[in-house]
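For reference, the structure discussed in these notes is given below.
Each value in this text was obtained by applying a stated rule to the coordinates, not by laboratory testing. This is a predicted model, so every value here is computed, not measured. We place every Cβ from the backbone using ideal geometry, glycine too, and count neighbours over all the protein chains shown.
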Amino acid sequence: MTSPKQASGGPIFVVGTNNAMVHVYRDVQSLLDAREIKPDQLKSVEFFDVQGRKIVPVLSDTGALTGFKDSGNPPDTAGVQQRLYTTRANLASSVDARIAKHQPKVTRDEALSNLAVLEGRSLPDCYVLLEPIFSHSYANAGRQPRHDGSWWHNFWAH
């Protein structure tokens with residue numbers, strides 16, 4: 001039997017339940033190492049692997065995120081793709097507000113050119129396209145997570 005954190009061995013999508021945010025992680029361990037998702041945020045996000053399977057959080061007795069397990073539902077590749085397409089569209093529609101709150105200023109066209117077009121792409125391709133902006137970098141093989149701090153990541157993901 002595998003441990004809960006090994007419920008999915010590949011890339012993970014974290015999608016806001018309102019389809020207004022997305023993050024990607026190279027695997028469950030990198031998501032756990034990031035320590036970015038707090039227990040009070042778990043109701044506002046959902047987790048999927050690149051096969052379209054929903055994975056669900058496993059919490060410790062104190063409510064800390066310790067891993068993930070398969071939801072038991074069959075993969076829904078088309079449903080996850082649609083969630084990603086919708087999230088991308090929602091992010092694109094917020095571009096003017098994002099430009100207003102970030103420095104230095106960028107043009108609308110420049111901002112949108114840094115937002116991957118996902119329509120018609122497989123989930124593994126979506127991960128590859130989203131990874132440069134919507135992922136995090138890690139130092140020391142995951143032992144000391146750090147936010148990648150890229151300007152475009154902060155613009156689109158936060």
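Just a few scattered comments:
- Angle of helix 123-134 to the longest C-alpha principal axis of the chain, folded into 0 to 90 degrees and rounded to 10: 60°.
- In degrees, nearest ten, helix 77-93 long axis to first principal axis of the chain (Cα): 30
- Shape parameters for the range 4-157, alpha-carbon atoms, Rg then Dmax in Å: 15.4, 48
- Neighbour-count order for Y127, Y85, fewest beta carbons within 10 angstrom listed first: Y85, Y127
- Computed on the chain, with alpha-carbon pairs under 8 angstrom and 6+ residues apart, the relative contact order is 24 percent.
- Extension gain, T17-Q41: 0.36 nm per intervening residue step, less the Cα-Cα distance, totals 7.6 nm.
- As a proxy for reagent exposure, H136, H102, H153 were ordered by neighbouring Cβ count within 10 angstrom, fewest first; the result is H102, H153, H136.
- FRET E, pair S113, Q51, Förster distance 35 Å, beta-carbon r, rounded to 0.05: 0.75
- Listed by chain and number, the aspartates and glutamates placed with their C-alpha closer than 15 angstrom to that of K54 are D27, E46, D70, D76; residues fewer than eight positions away on the same chain are left out.
- The stretch between D125 and I99 holds 6.6 nm of extra length on full extension. This uses 0.36 nm per residue minus the Cα-Cα distance.
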